[in-house]
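The values are calculated or read from the model by the stated rules, or taken from the named source; none is laboratory data. What you see is a predicted model, and the numbers here were worked out from it, not measured in a lab. Here the Cβ is made from the backbone with ideal geometry for all residues, glycine too, and neighbour counts use every protein chain on show. Side chains included, ligands, DNA and RNA excluded: accessible areas come from the protein's heavy atoms. Shrake-Rupley method; radii C 1.70, N 1.55, O 1.52, S 1.80 Å.
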Amino acid sequence: MAETLLRVSNLKVNAGDKEILHGIDLEVKAGETHVFMGPNGAGKSTLGNSIMGHPAYEVTEGEIYYRNLDLLEETPDKRAKAGLFMTFQTPIEVPGITVANFMRNAIEMRTGNRVRIWDFRKKIKAVENILSIPEDYADRDLNVGFSGGEKKKAEILQLLILDPELAILDETDSGLDVDAVRVVSQGIEEFQKKEGKALMIITHNAAILEALKVTHTHILVDGRIVKNGGPELIDEIFSEGFEKYLEAEANG
């Protein structure tokens with residue numbers, strides 16, 4: 001039986017004085033891929049940020065456990081060290097720190113062990129080849145001067161190098177052209193092949209999901225999960241939209 005990596009129970013979250021999540025229940029097991037869909041403002045990104053411990057969001061009720069670790073008692077860096085990873089809709093620029101140095105320091109912080117530069121460089125080159133991106137990519141300052149597509153590719157490079165147990169991808173495909181979506185999708189598929197890994201994918205784009213094995217789909221409306229299903233739910237949403245779920249929520 002697959003190990004439960006993440007368990008969220010009755011999660012309620014505020015942003016400022018406004019409650020955004022109104023009691024989320026969720027369980028993610030090793031080897032599963034969960035897709036989260038819903039209209040803008042439904043609370044999808046808030047869920048991901050709350051799991052990672054973003055300070056802008058206040059958990060007012062409920063529990064978040066990663067394995068047996070109470071995440072609400074841990075700082076964001078401790079959550080990352082435990083095996084969590086999250087991409088962002090708008091990755092920030094970090095002048096003076098290369099992509100490679102950022103990843104190397106992150107690995108050393110997580111494991112407590114020094115990383116041999118030669119072995120690390122070989123690993124980066126192998127991943128760059130998988131993603132079909134230039135060899136000097138990792139030597140550029142993190143996200144500085146990167147296009148939107150380059151920033152997202154850099155995050156997928158980090159995903160494969162840092163090798164977390166559970167990855168939360170927040171609209172990694174947002175604003176990308178066809179070629180960039182292909183590269184990002186290829187990287188996610190590569191991560192999914194690794195045994196025991198789990199994914200939470202927040203997206204509005206079916207293209208990035210085509211090559212992936214989706215096990216669970218969740219529809220969020222107004223801070224609540226209103227429908228759970230399998231990959232067939234993705235097809236329903238792209239053919240019919242969210243209208244019936246919005247109407248059901250409005251009618252109580």
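Structural remarks
- A simple spin-label model places pseudo-atoms 7 Å from Cα toward Cβ; at ARG121 and PHE238 they are separated by 4.2 nm.
- GNM result for the chain, Cα springs below 10 Å: residue of SER239, SER174, SER45 fluctuating most strongly: SER239
- Its Cα centre serving as origin, segment 130-252 has a Cβ charge dipole (Lys and Arg +1, Asp and Glu -1) of approximately 240 debye.
- Cα long-axis angle, helix 148-162 against the chain (0 to 90 degrees, to the nearest 10): 80 degrees
- Measuring against 29 Å, Cα to Cα, the residue pairs LYS123/LYS227; LYS18/LYS151; LYS122/LYS194; LYS122/LYS151; LYS122/LYS153; LYS44/LYS122 contain LYS123/LYS227; LYS18/LYS151; LYS44/LYS122 as the ones spanning a longer distance.
- Listed residue (PHE36, VAL59, LEU26) projecting farthest to the positive dipole end of segment 26-72, Cβ model: PHE36
- Surface composition of the chain: carbon and sulfur atoms hold 48% of the protein heavy-atom accessible area at a 1.4 Å probe.
- Folded to 0 to 90 degrees: helix 117-131 orientation relative to the chain principal axis, Cα: 50 degrees
- Helix 99-111 and the longest principal axis of the C-alpha atoms of the chain enclose an angle of approximately 70°.
- Each of TRP118, SER239, LEU166 was placed along the dipole of the chain (beta-carbon charges, centred on the mean Cα), and the one lying farthest toward the positive end is TRP118.
- Where segment 55-214 is the region considered: accessible area per residue in Å², 1.4 Å probe: 50 Å²
- Length added when fully stretched, TYR65-GLU93, from 0.36 nm per residue minus Cα-Cα: 7.0 nm
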